[in-house]
1. What's the magnitude of the charge dipole for the chain around its Cα centre, counting Lys and Arg as +1 and Asp and Glu as -1 at the beta-carbon? Answer in Debye, nearest 20.
2. If neighbour count is taken as other Cβ atoms inside 10 Å, put Tyr110, Tyr142 in order from fewest to most.
3. So for Glu73, Glu124, Glu51, fewest C-beta neighbours within 10 Å to most, what's the order?
4. Mind sorting out which of (i) 105; (ii) 142; (iii) 240 is the real volume of the Cα convex hull per residue in Å³ computed from the coordinates?
5. Can you flag which of Lys15/Lys155; Lys18/Lys65; Lys69/Lys136; Lys18/Lys69; Lys15/Lys136; Lys33/Lys136 are past 31 Å Cα-Cα?
6. Using just the helices of the chain, give the 222 nm mean residue ellipticity in deg cm²/dmol: DSSP H runs with n ≥ 4 each add -39,500 (n - 2.57), and the total is spread over all residues, rounded to 500.
7. Report, by chain and number, residues whose modeled amide H sits under 5 Å from the one on Ser6, excluding near sequence neighbours (fewer than 5 apart, same chain).
8. Pick out which of Ile60, Ile13, Ile71 has the largest mean-square fluctuation in a Gaussian network model of the chain, springs linking Cα atoms closer than 10 Å.
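Values in this text are rule-based calculations from the coordinates and carry no lab data. These numbers come from a predicted model, not from an experiment. Neighbour counts run over all protein chains shown; Cβ positions are idealised from the backbone, glycine included.
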Amino acid sequence: MESKMSYWNYRVIRKHYKESDTNTYQIHEVYYKEDGAIEGWTESAVEPLGETPDELREDIRFFMKVFRKPILEEQVKNEKPILVADDNSQQINEGHYFELMDRASVAVDYIYQFLGCHPLMRSESRLHGLYQQAEKALAELYQEAGRLEYEHTEKSSLSVKGSDS
């Protein structure tokens, strides 16, 4: 029985070239079976396309969404190319903790500037309530990132003190 393709999306695919020990990252269309398993992908990378400027802008927006999902790595298994999620494509470093706190803070300011002080937010209580939920969630994100940064800093300082003994 032949399986039906259920859907497709854009994804970043990393290809490793053994000869030069280099990687390339490109966006491809990836096709999925009904159960979510990868069925196939375009051989060549794709580029944004639209028949109007608005369609092109929308396609670029879909391209930007690829960075929300894990990068896929092209590998060969049983002499057949496959795609494997590369969940470790970006290692966490010391600066990531503060960087997330900073970005959450900027996001709170940004949504206040562009949404929180909008006249409809003041006049429509339902909109204002939704805005407050979003602002509260970002504030909680900031606090949680701060907690993680503190715990990480404490662990690092304890391990340094322990190695000095």
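1. That gives a dipole near 340 debye.
2. Values: Tyr110 13, Tyr142 18.
Listing Tyr110, Tyr142 from fewest to most nearby Cβ atoms yields Tyr110, Tyr142.
3. Arranged by neighbour count, lowest to highest, Glu73, Glu124, Glu51 become Glu51, Glu124, Glu73.
4. Correct label, based on the coordinates given: (iii).
5. Beyond 31 Å: Lys15/Lys155; Lys15/Lys136; Lys33/Lys136.
6. Working: 4 runs with 75 residues, N = 165.
Result for the chain: -15500 deg cm²/dmol, rounded to the nearest 500.
7. So Ser6 has HN proximity to Tyr32, Lys33, Glu34.
8. Greatest mean-square fluctuation among the candidates belongs to Ile60.
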